[in-house]
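Engineer: Attaching a single structure in structure tokens format; questions to follow.
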Amino acid sequence: MTLRVNDLAVARGGVPVLNGVSFEVAPGTSLILRGPNGAGKTTLLRTIAGLQPALSGQIDGADETIAYAGHADGLKAMLSVAENLTFWAQVFGNSDIEPALAAYQLDPLRDRLAGTLSAGQKRRLGLARLMVTGRPIWVLDEPTVSLDADAVAMFAAAVTAHLGAGGMALIATHIDLGLNADTFDVTPYRSKSDMRSGASDEAFL
Amino acid sequence: MIALLHRDLMLAFRAGGGFGLGLAFFLIVTVLVPFSVGPQSELLSTIAPGVLWLGALLACLLSLDRLLALDYEDGTLDLLATAPLPLEAALSIKALSHWLTTGLPLVLAAPILGLMLNLEPDGYIWLIASLAFGTPALSVIGTFGAALTVGIKRGGLLMSLLVLPLYVPTLIFGAEAARQGAMGLDGTTPLILLAGITLGTIALMPFASAAVLRMTLR
């Protein structure tokens, strides 16, 4: 199974931001999205994750296969690290959180409340969540924010292991993760016009 | 689904979870009513069913703000929307956990507070029955309101305005059943209508809630 994006156009707040985006991510490979701030990387990723509809174009292979990680980690401050992770594992029908805890060295923190973690530790927990979903395609929006060098290495190792198991990853990032991955720059696909289309509620009516 | 319910209940009972907010409000309102109305026990027993129902409704409304807003802010809703659990089911669970932490305590506390309002002895069973049948509708309708306003900062006022008209039928039939019961009459008819409203909203509202939530998550 391959993630295929064909001639995709996406809009943010009714304003088209990207047009004619096409790429493929095959099993065992990853694709790095690049582009300046505001280019539409987040919008593209949210569209592929199914959180918002595309203006036009097709996305194939994205049904029930995507684990999305955005800017927010979806952690509850009053639950412990293990409880947060167990919750997400159960939502996705899994139960084993130990490999994820080990991959991001969260074992010593397992009984700490998530609210007392540092920003980098929270991010590690948010990324560990991907491992308990059991989904083949990871769609990551700037996953390395607030991570230190060691944690970035843990993340790169986790992605490499995931790819090695036949998974896929689509990552928007500004830094070099040291992954052997293709790069896709969204800049040439930016919409020139600021014509407001798709701003109405046609989909709702 | 059970995982989500378990998590929501655990969060509600931990510090800062908001459990007891509605109950405390209900307590305050019904305790203060005798002071403001005066010590006329006959007047109090006349208005008791209405006051208890209004207090319960406002207590429900008060806690709706947190129902989805917290999950929206920390990104949980985005992640739930991409999870295998249908959004309709997730929102039904959210409504259920809201009822378990807000509606059910109100039902259980109402008889004690009825005592303070000099509720007629005949009325207790009707009050409990009407609240037990009616408060689930308040939670389910409230979830819809919360889904509509979840992306709006300080959307509490807007949500109250949107939700209150939808609460009116529940209030009318609920209070009517309790009132007729307290007068020694048979309140079966309003009670059945109330149960109908509740079952209808439980069956249909989650679909509306999920549809508007998908719109607001864009």
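The values are calculated or read from the model by the stated rules, or taken from the named source; none is laboratory data. All of these numbers come straight from a predicted model, not from anything done at the bench. Methodologically, a virtual Cβ is constructed for each residue, glycine included, from the backbone with ideal geometry; neighbour enumeration extends over all protein chains shown.
Engineer: For A:Val159, work out the one condition from (1) in contact with a helix residue (DSSP H, G or I) (Cβ under 8 Å, 6 or more places away or on another chain); (2) at pLDDT 90 or above it doesn't fulfil.
Structural biologist: (1)
Engineer: Report, by residue number, each residue of region B:172-218 that is touching a Pro at 6+ places or on another chain (Cβ under 8 Å) and within 14 Å of chain A (Cβ to nearest Cβ).
Structural biologist: B:Ala210, B:Arg218 - these are the residues of region B:172-218 that are touching a Pro at 6+ places or on another chain (Cβ under 8 Å) and within 14 Å of chain A (Cβ to nearest Cβ).
Engineer: Also, I was wondering about something else. Name every residue in region B:142-165 that is more than 14 Å from B:Ala211 (Cβ to Cβ) and part of a loop (DSSP other than H, G, I, E, B), in order of residue number.
Structural biologist: Passing the criteria: B:Thr149, B:Gly151, B:Ile152, B:Lys153, B:Arg154, B:Gly155.
Engineer: Tell me whether region B:130-147 contains one or more residues that are surrounded by fewer than 21 Cβ atoms within 10 Å (Cβ to Cβ) and away from chain A (no Cβ under 14 Å). Let's see the steps before the verdict.
Structural biologist: At the first step, the residues of region B:130-147 found to be surrounded by fewer than 21 Cβ atoms within 10 Å (Cβ to Cβ) are B:132.
Restricting the remaining residues to those that are away from chain A (no Cβ under 14 Å) gives B:132.
Within region B:130-147, one or more residues are surrounded by fewer than 21 Cβ atoms within 10 Å (Cβ to Cβ) and away from chain A (no Cβ under 14 Å).
Engineer: If we scan region A:14-21, do we find a residue that is surrounded by fewer than 22 Cβ atoms within 10 Å (Cβ to Cβ) and either part of a loop (DSSP other than H, G, I, E, B) or within 16 Å of the chain's Cα centre (by Cα) (or both)?
Structural biologist: Scanning region A:14-21 turns up at least one residue that is surrounded by fewer than 22 Cβ atoms within 10 Å (Cβ to Cβ) and either part of a loop (DSSP other than H, G, I, E, B) or within 16 Å of the chain's Cα centre (by Cα) (or both).
Engineer: Scan region A:62-85 for residues that are of a type in the set (Ser, Thr, Tyr) and at the interface with chain B (Cβ under 8 Å from one of its Cβ atoms) and jot them down. I'd like the intermediate steps shown before the answer.
Structural biologist: Taking region A:62-85 as the starting set, the residues that turn out to be of a type in the set (Ser, Thr, Tyr) are A:65, A:68, A:80.
Listed by number, the list holds a single entry, A:Tyr68.
Engineer: Quick check, is B:Asp65 among the charged types (D, E, K, R) and within 14 Å of another protein chain (Cβ to nearest Cβ)?
Structural biologist: Details: among the charged types (D, E, K, R): yes; within 14 Å of another protein chain (Cβ to nearest Cβ): no.
Considered against the rule, which asks whether it is among the charged types (D, E, K, R) and within 14 Å of another protein chain (Cβ to nearest Cβ), B:Asp65 comes out as no.
Engineer: Do we find a residue being in contact (Cβ under 8 Å) with a residue 40 or more places away in the chain, buried (at least 20 other Cβ atoms within 10 Å of the Cβ), away from every other protein chain (no Cβ under 13 Å) and assigned to a helix (DSSP H, G or I) anywhere in region B:82-91?
Structural biologist: For region B:82-91, residues in contact (Cβ under 8 Å) with a residue 40 or more places away in the chain, buried (at least 20 other Cβ atoms within 10 Å of the Cβ), away from every other protein chain (no Cβ under 13 Å) and assigned to a helix (DSSP H, G or I): present.
Engineer: In addition: Quick test for you: out of A:Ala39, A:Ala103, pick the one residue that is away from chain B (no Cβ under 11 Å), farther than 20 Å from A:Arg190 by Cβ and surrounded by fewer than 20 Cβ atoms within 10 Å (Cβ to Cβ). Before the answer, list the steps.
Structural biologist: On the way: A:Ala39 fails: farther than 20 Å from A:Arg190 by Cβ.
Exactly one residue qualifies, and that residue is A:Ala103.
Engineer: If you don't mind, there's one more thing I want to ask. Given the options B:Ala48, B:Ala95, name the one that is more than 10 Å from every other protein chain (Cβ to nearest Cβ) and under 15 Å from the mean Cα position of the chain (by Cα). Spell out the reasoning first.
Structural biologist: Numbers: B:Ala48 fails: under 15 Å from the mean Cα position of the chain (by Cα).
Checking each option against the conditions leaves just B:Ala95.
Engineer: Can A:Gln90 be described as free of Cβ contacts under 8 Å to residues at least 60 places away in the same chain and at negative phi? Quick ask: steps written out before the conclusion?
Structural biologist: Working: free of Cβ contacts under 8 Å to residues at least 60 places away in the same chain: yes; at negative phi: yes.
Spelling it out, A:Gln90 is indeed free of Cβ contacts under 8 Å to residues at least 60 places away in the same chain and at negative phi.
Engineer: Within region B:106-128, is even one residue surrounded by fewer than 16 Cβ atoms within 10 Å (Cβ to Cβ), part of a loop (DSSP other than H, G, I, E, B) and either among the hydrophobic types (A, V, I, L, M, F, W, C) or in contact with a Cys (Cβ under 7 Å, 6 or more places away or on another chain) (or both)? Give the steps one after another, and end with the answer.
Structural biologist: Just the residues of region B:106-128 that are surrounded by fewer than 16 Cβ atoms within 10 Å (Cβ to Cβ), to begin with: B:108, B:112, B:115-116, B:121-122, B:125.
Still in the list and also part of a loop (DSSP other than H, G, I, E, B): B:121-122.
Right, trim to either among the hydrophobic types (A, V, I, L, M, F, W, C) or in contact with a Cys (Cβ under 7 Å, 6 or more places away or on another chain) (or both) and you get none.
No, region B:106-128 contains no residue that is surrounded by fewer than 16 Cβ atoms within 10 Å (Cβ to Cβ), part of a loop (DSSP other than H, G, I, E, B) and either among the hydrophobic types (A, V, I, L, M, F, W, C) or in contact with a Cys (Cβ under 7 Å, 6 or more places away or on another chain) (or both).
Engineer: When you look at B:Ala59, is it within 14 Å of chain A (Cβ to nearest Cβ), surrounded by 17 or more Cβ atoms within 10 Å (Cβ to Cβ) and assigned to a helix (DSSP H, G or I), yes or no?
Structural biologist: Values: within 14 Å of chain A (Cβ to nearest Cβ): no; surrounded by 17 or more Cβ atoms within 10 Å (Cβ to Cβ): yes; assigned to a helix (DSSP H, G or I): yes.
Judged against the criteria, B:Ala59 is not a match.
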